Every structure is written in structure tokens, then in C-alpha cells.
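One structure is given below, encoded as C-alpha cells.
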Amino acid sequence: MYLILLGAPGAGKGTQAVELSKILKVPHISTGDIFRDNIKAKTELGVIADSYISKGKLVPDDVTTNMVDDRISQEDCKNGFILDGFPRTIAQAEALEKILGKTKSKLLKVLNIVISEDVVLRRLSQRRICPNCKRSYHLEFDPPHGDICYSCGAKVVQRPDDVPDVIKQRLITYNESTKPLIDFYRSKGSLVNVQSENDIDESLQNSLYALGLKGI
Ligand code: ADP
Ligand code: ZN
């Protein structure tokens with residue numbers, strides 16, 4: 001399955017993507033994770049990405065699109081993928097159609113994860129992530145063990161962009177640049193909406209149902 005996860009920052013794209021990737025047996029590709037790995041490794045791409053990410057802005061379309069093109073051309077993506085965080089602009093969506101070609105573009109399904117802005121704000125400020133295995137935690141509802149990741153034992157951290165000023169800018173960026181993708185994909189008939197304000201398992205069940213995968 002060729003799946004795109006759409007939704008505001010903090011909507012739960014990453015959390016759902018990890019589970020959906022296990023169920024659908026296709027790779028989970030998170031542009032945010034790839035950028036953060038590059039920032040950590042201080043690569044050329046990482047230096048460029050950091051200058052935008054730290055301000056809550058989008059990394060330029062050409063940089064991001066080339067990175068995704070490279071990733072989805074790899075062997076493990078030949079039967080599908082889950083894109084988490086891409087496309088984030090209409091230009092990226094159009095570039096993706098070119099990369100995939102007509103036949104595969106028709107197979108694209110877009111899961112739009114719907115959530116209110118105040119839930120997003122509460123989630124992001126309380127979020128911690130494991131830089132090693134990428135699992136995310138919520139200090140109140142799903143806390144790590146002290147500051148240690150349950151899955152791999154690494155020390156969890158707060159993302160530098162999960163602080164109030166940058167969160168505010170990320171939401172503005174989302175509303176301006178990414179929200180138009182909802183209409184873009186709706187008009188192509190690829191969009192399904194799912195609510196994600198409750199617990200993780202319920203949101204996942206809603207997603208499976210919306211994608212017609214209930215019972216797998
Ligand atoms: P979230 O969805 O929680 O905001 P992500 O981890 O998906 O976070 O992305 C973090 C940051 O990485 C974004 O705020 C943006 O600066 C950058 N980024 C991720 N994906 C893209 C993309 N497709 N195009 C441009 N920038 C991106
Ligand atoms: Zn971990």
C-alpha cells in the first residue's frame with residue numbers, strides 16, 4: 001500500500017505510522033526523523049535542515065523532495081511505503097506524483113488525522129522522544145521510565161522544536177502550507193479522515209477501519 005499520513009504537528013502521525021508499518025509490512029518513512037538523524041550526524045543536509053526546523057519553517061521543497069525520491073527508490077519500497085511528514089506542500093505533492101508515475105499515484109491513499117489545536121499544544125509541549133529508536137512519549141499519559149526509553153534503554157529527549165514559540169510557528173506553517181493538501185487529495189478521491197483525540201489504540205483502530213483494513 002502507498003500511504004500518506006497527513007495531519008497537524010502532534011496529530012500522532014509518527015505513532016500511527018509505526019503500528020501501520022508493522023501491520024502493512026511496508027517501510028515507515030518519516031522526513032522529520034531523517035532530518036533529525038542528519039542534524040545529529042552533522043551532515044551537509046543536516047546543517048541546511050536545522051536552519052529551518054529550529055525556526056518552525058519548512059525545509060525547501062527541492063531539498064526535501066530529492067531526499068524522499070532517493071529513499072523511496074530503494075528496494076524495500078517496491079511494494080509500498082508509509083510517508084509520514086511528506087508531502088507537506090502542494091509542490092511536494094506534485095513532485096511525488098511525477099516520481100511515482102500515473103499508475104502508482106492512483107494507488108495512493110491519504111489518511112488525514114484530524115485533531116484540535118488545543119490538544120496539539122498540550123501534546124507537543126509534553127512530548128519526549130527517543131533519539132535512538134524514535135519512539136515518542138507523553139510525560140503525563142505515556143511517560144518513559146524516568147528519562148529512559150522502555151523499548152531500547154536510550155535517554156529520551158525533548159525535541160528543540162517542541163517549545164512554545166516554535167510550536168506556534170509550526171502550526172502557522174501547517175495551516176498555510178500543508179492544510180491545502182486536504183482539498184488537493186480530496187479532489188483526487190484519495191482522502192480518508194480519521195479522528196485522533198483519544199488513546200493510541202483507539203486511533204489506530206479508527207485508521208484501520210477508515211482504510212478498509214479492519215480485521216487484518
Ligand atoms: P511534526 O509533524 O511533529 O511537526 P516532523 O518530525 O514531521 O514533525 O517534522 C519536523 C520538522 O522537519 C518540520 O517542522 C519541518 O521543519 C521539517 N520537515 C519535515 N518534513 C518536511 C517536509 N516534507 N517538507 C519540509 N520540511 C519538512
Ligand atoms: Zn528507544
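For the pair segment 101-168 and segment 30-49, the centres of their Cα atoms are 17 angstrom apart. As a proxy for reagent exposure, ranking VAL59, VAL163, VAL110 by other Cβ atoms within 10 Å from fewest up yields VAL163, VAL59, VAL110. Among the cysteines of the chain, those with no neighbouring cysteine Cβ under 4.7 Å are CYS77.
Roughly what % of Cα-Cα distances in segment 11-79 sit above 18 Å, to the whole percent? In whole percent, the share of Cα-Cα pairs in segment 11-79 beyond 18 Å is 45.
Separation of the alpha carbons by more than 32 angstrom is noted, of LYS42/LYS104; LYS42/LYS98; LYS13/LYS102; LYS109/LYS155; LYS168/LYS214, for LYS42/LYS104; LYS109/LYS155; LYS168/LYS214. Each peptide in 67-79, 188-200 gets a packing score, the mean of other Cβ atoms within 10 Å over its residues, and the list from highest to lowest is 188-200, 67-79. Counting every alpha-carbon pair across segment 146-216, the share separated by more than 20 Å comes to 62%.
In summary, the aspartates and glutamates within cross-link reach of LYS22, defined as a Cα separation below 20 angstrom excluding same-chain residues under 8 places away, comprise ASP33, GLU75, ASP76, ASP84, ASP199, ASP201, GLU202. About its Cα centre, the dipole of segment 1-149 is roughly 260 debye, where the only charges are +1 on Lys and Arg Cβ and -1 on Asp and Glu Cβ.
Taking all pairs of distinct Cα atoms, average 1/r, flip it, and tell me the Kirkwood hydrodynamic radius of the chain in Å to one decimal place. Before the final figure, lay out the partial values.
Working: mean 1/r = 0.0566 Å⁻¹.
About 17.7 Å for the chain.
The alpha-carbon positions of segment 119-168 define a convex hull whose volume is 67 Å³ per residue. Cross-link partners of LYS40 among aspartates and glutamates, defined as those whose alpha carbon lies under 12 angstrom from its own and excluding same-chain residues fewer than eight positions apart: ASP50.
Cβ crowding within 10 Å ranks ASP165, ASP37 as ASP165, ASP37, fewest other Cβ atoms first.
The distance between label points at ASP147 and GLU117 comes to 3.2 nm (points 7 Å beyond Cα on the Cα→Cβ vector).
Bear in mind that the values in this text are calculations on the coordinates, not laboratory data. Here the structure is a predicted model, which is why all the values come from computation and not from measurement. In this analysis, Cβ positions are derived from the backbone assuming ideal geometry, glycine residues included, and neighbour counts consider all displayed protein chains.
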